[in-house]
Amino acid sequence: MDGSRIALVVANDQYDDPGLRRLIAPAQDAAVLADVLADPSVGGFEVQVLHNESAQQIRFAVEDFFADRAPEDLLLLHFSCHGLKNAAGELFLAVADTKPNRLASTAVAADFVNRQMADSRAQRIALFLDCCYGGAFPRGMVVRAAGEAQVRDAFAGQEEVGGGRGRVVVTASSAMEYAFEGDQLATDATKPSPSVFTSAVVDGLSTGEADRDGDGWVGLTELVGYVTDRVHRVTPNQNPQMWTFGSQGELLIARSRVRRITPAPLAPELVEAMESPLPPARFGVVDYLRGKLYDADLGQAYGAWQALHRLVDDDSRKVSEAAVRAISEAVPRVTPASLELGPGAVAAELRLEGPPIALTAVASSEADWVRVEQDGATVRVSSELRDLGEHEASVVIAGPTGECVVPVQLTVPDTDSEPPPPPPEPEPQPKPAPPLPVPEPEPKSQTEPVAQPAAQPIPEPAAQPQPVAQPRAQPVPEPSAQPQPAPKHEPAQPARTSVPTPVGQVPAKTPVPWWAVGVLALGALVLIYLNWPGEAYSHKLWYDPNTDWRVYRSATDPMILSSIGALLASLLARWAGPIALGVVAGCAASVLEDAVLVLGARIVEGGSGTWLMTLVVAAVMVAVLLIVLWPENWRLWPVSPPAVVLVVAGGILLLISAFIKHPDDFAFIDVTKLAVLEPLVIVAMAWLALAAAESRSIAWLSATVATYAVLSTIAAVPALTDGDSPATFLTALLANALVAAGVLTRVLRPQSHP
């Protein structure tokens, strides 16, 4: 879909004037409609919601909504409120401060909306009016008007809009009917629900059932037809209406989550070969059909899939097994095979795999606490459940060629309550020499627990049922009736968990060991000593005699800033955890990359020993960080395509900055071909951050990339101040910003909420 997709949802259910009946549905209308429109796998709209605002605020928002738009933009405006008319029969939309006897100044005139639509440069505009326009009032139903209103007349001016501009007005009912708010009584506001009309719109978009031609898109004409059928099932006398003004073609409102694929018929020669008495001929057919499963024409692929099922029961075992294998290849597959969610709305991602027909599968979950959003082959699963404990559910990936089930587990820890105090260590018992790892129980007491060495924690019984947990006053549980063998040669290990942790919080891991803090802090101190700038212009950071380019050491060069930053972050690592260690990693990586570049390019003047020592110290720090932070699984896939686009674009711009000529007709690539090292390093680190599966890895790798991007930007400042090349600096600045933004889209991805 070309152009921007923007929606404005206006809902009003509270009125200052006592003569206007309070509506139940608009608030719920706004919430559910905004959700489905903003869902990237459905509408993909940028949604703004106005709830119970004044007439002036709504008029300003509507004018701003239609102004300054591009011709290819798609605009959707939805009103859910009362519809009123004045003595001349003109339509007005009632809002919070509307006075029925002062409609011109306190309500939103339909003519005002009409003019804003006509003046907009956008060629695709859809207006939804969920309000009523006169008619009967069935008993037990809440209606949305205080008299008749004529939508066709109010928006008749749109007929004069030509030039391919499509304006479509959709109403919840005709001019002589009321629009109903479900089946609740007018006085029952305890269970708000969407109106009949909006509920049908949301169902048609979210389920994809409104896509009647099965082309993967929900057109506005299809949507209105679906909504009309659904509304008639609830209120047979209500007839949604649609008027088009200067419309050409179909307005595509949303993607369809349901693909109805019509299988293409097989060629007569292929059918004949399938019925051949020769097994090799039928085996050849299986091989041909297997290839057709990967056809981009889904009808051809689906026809081949159905034909393979007919060959599963073939008399030839070889033909039958080949058909089964081919069918299994078309079943949707996902990576990873299971998900563990953490508390909050941090989303985990599933990646659909398989041939094109398998990628038409739709993800869903019956658990109401699981939120599933699908954008093509990427499925995002999240939850905002706050109930303590472990919760289990599943996400079903179902398509025309089969389905797979992904187990989902959510663990919500009790972070508010204090943990019980640890059990006291038992008194050390005399041990024979040489001491055994685990002493045997004494035979004369069958009920005492086995005494453990002082350095060992009390093991939990492994084979006997556990006693009921004791109150806090008695933290040590009673021993089992039988002595249990203690584990041998197994030191106590901290519990491991892969529950994602929101970025910015320290994951529930063992604190950074003191030895690592000491090594990193010592390494940072050595780097500060080696890179101390001294007096101004006293010695060079690097110098290239071929181009006469030089950079002097200063208090603001990236080497000393990286060293100081590494020291501060190292001292905080014990408490700040992976975020601080990521900062140290970014600083150490920057120093290491600069040392490799300077030594490899031989642009060092009189300080080779200093640079060599700097390289060794930075390499040791990187090694220590990898030992402490090494994840359980290094992943390279899947990654979010939008984030990858930002990262790769940033890497390309960073590479371009090395080729930009300075006023002396030299570029940094002329100084050294190793200038390509910087964009390769930052893109590689960013890719690992985007593909990481564990929250700890996401945290420290993201901090590494952000730190490295900042230092890379600082390193480009001399191009502006000393090299008189603003283009080089600005390109590097934009490049590093794009890379950082790409990584942040992974850890700070916005949710689809109004």
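Points worth noting:
- Net charge of neighbours whose Cβ lies under 13 Å from the Cβ of residue 351, counting Lys and Arg as +1 and Asp and Glu as -1: 0
- Alpha-carbon centroid distance for the pair segment 200-264 / segment 8-76, whole angstrom: 21
- FRET efficiency for residue 387 and residue 669, using Cβ-Cβ distance with R0 set to 56 Å, rounded to 0.05: 0.45
- Volume per residue of the convex hull around the Cα atoms, evaluated for segment 222-344, comes out as 246 Å³.
- Ascending count of other beta-carbon atoms within 10 Å, so fewest first, for 611, 700, 532, 549: 532, 549, 611, 700
- Global form of segment 268-329, assessed from the alpha-carbon gyration tensor, a/c cut-off 1.5: oblate
- Euclidean distance of C-alpha centroids, segment 79-102 and segment 367-391, integer Å: 41
- Remark: spin-label model distance residue 368-residue 720 equals 5.4 nm, labels positioned 7 Å along the Cα→Cβ axis.
- For segment 516-747, a/c is not less than 1.5, where a ≥ b ≥ c are the root eigenvalues of the C-alpha gyration tensor, and a/b does not top b/c. That puts it in the oblate class.
- Global form of segment 58-108, assessed from the alpha-carbon gyration tensor, a/c cut-off 1.5: prolate
- Shown is the FRET efficiency for residue 619 and residue 17, computed with R0 = 51 Å from the Cβ-Cβ distance and rounded to the nearest 0.05: 0.10.
- Backbone N within segment 656-700 under 14 Å of label point (7 Å from residue 546 Cα along the Cβ vector): 666-676
- For residue 660, nonlocal amide neighbours, meaning residues 5 or more places apart or on other chains whose placed amide H falls under 5 Å from its own, are 668.
- Extension reserve of the residue 318-residue 331 stretch, reckoned as 0.36 nm per residue once the Cα distance is removed: 2.6 nm
FYI, it's all coordinate maths here, none of it is from the lab. Predicted model only: the values in this text are computed from it and were never measured. Please note: Cβ atoms are built from the backbone with ideal geometry, for glycine as well, and neighbour counts cover all protein chains shown.
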